[in-house]
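*Asks:* Quick one: structure below, then a few questions.
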Amino acid sequence: MLGEALGRDLDSLADGFVLAADALRHLVTDPLLPAELAPPEWPATEFRTAYAAYSARYQASLRAFFRSQLSALG
């Protein structure tokens with residue numbers, strides 16, 4: 001799901017922003033339990049890894065979008 005909102009058009013960038021904000025909201029509320037205290041199938045580490053990868057790709061999409069907009073202006 002994290003990869004679905006990536007794109008370079010304005011609508012997909014807006015969707016990507018909403019997705020990133022929702023994911024970040026979950027990360028902020030994660031209690032960061034040590035492994036020995038976390039429930040058996042606690043997905044926090046995998047989610048943080050997926051979010052980091054998504055965030056990097058989303059930021060690259062944003063840079064490409066803004067570059068294209070700047071080059072169109074001038």
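Per-residue answers, yes or no, for (1) small (G, A, S); (2) in contact (Cβ under 8 Å) with a residue 12 or more places away in the chain; (3) outside any helix (DSSP H, G or I); (4) surrounded by 12 or more Cβ atoms within 10 Å (Cβ to Cβ):
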residue: L37; (1), (2), (3), (4): no, no, yes, no
residue: P40; (1), (2), (3), (4): no, no, yes, no
residue: S55; (1), (2), (3), (4): yes, yes, no, yes
residue: S68; (1), (2), (3), (4): yes, yes, no, no
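*Asks:* For region 18-33, give me each residue that is surrounded by 11 or more Cβ atoms within 10 Å (Cβ to Cβ) and either in contact (Cβ under 8 Å) with a residue 40 or more places away in the chain or among the small types (G, A, S) (or both).
*Replies:* Matches in region 18-33: A20, A23.
*Asks:* Conditions first: (1) at pLDDT 90 or above; (2) outside any loop (DSSP other than H, G, I, E, B); (3) surrounded by 11 or more Cβ atoms within 10 Å (Cβ to Cβ). E46 passes all but one, so which condition is the exception?
*Replies:* (3)
*Asks:* What is the one condition in (1) at pLDDT 95 or above; (2) touching an Asp or Glu at 6+ places or on another chain (Cβ under 7 Å); (3) not β-branched (V, I, T) that A52 does not satisfy?
*Replies:* The failed condition is (2).
*Asks:* Need the failing condition index for S12 against (1) in contact with a helix residue (DSSP H, G or I) (Cβ under 9 Å, 6 or more places away or on another chain); (2) of a type in the set (G, A, S); (3) surrounded by fewer than 15 Cβ atoms within 10 Å (Cβ to Cβ); (4) in a helix (DSSP H, G or I), just the number.
*Replies:* Among (1) in contact with a helix residue (DSSP H, G or I) (Cβ under 9 Å, 6 or more places away or on another chain); (2) of a type in the set (G, A, S); (3) surrounded by fewer than 15 Cβ atoms within 10 Å (Cβ to Cβ); (4) in a helix (DSSP H, G or I), S12 violates only (3).
The values are calculated or read from the model by the stated rules, or taken from the named source; none is laboratory data. Only a predicted model underlies this, so the values are computations on that prediction, with no experimental measurement involved. Don't worry about glycine lacking a Cβ; one is built from the backbone with ideal geometry, like all the others, and counts go over all protein chains shown.
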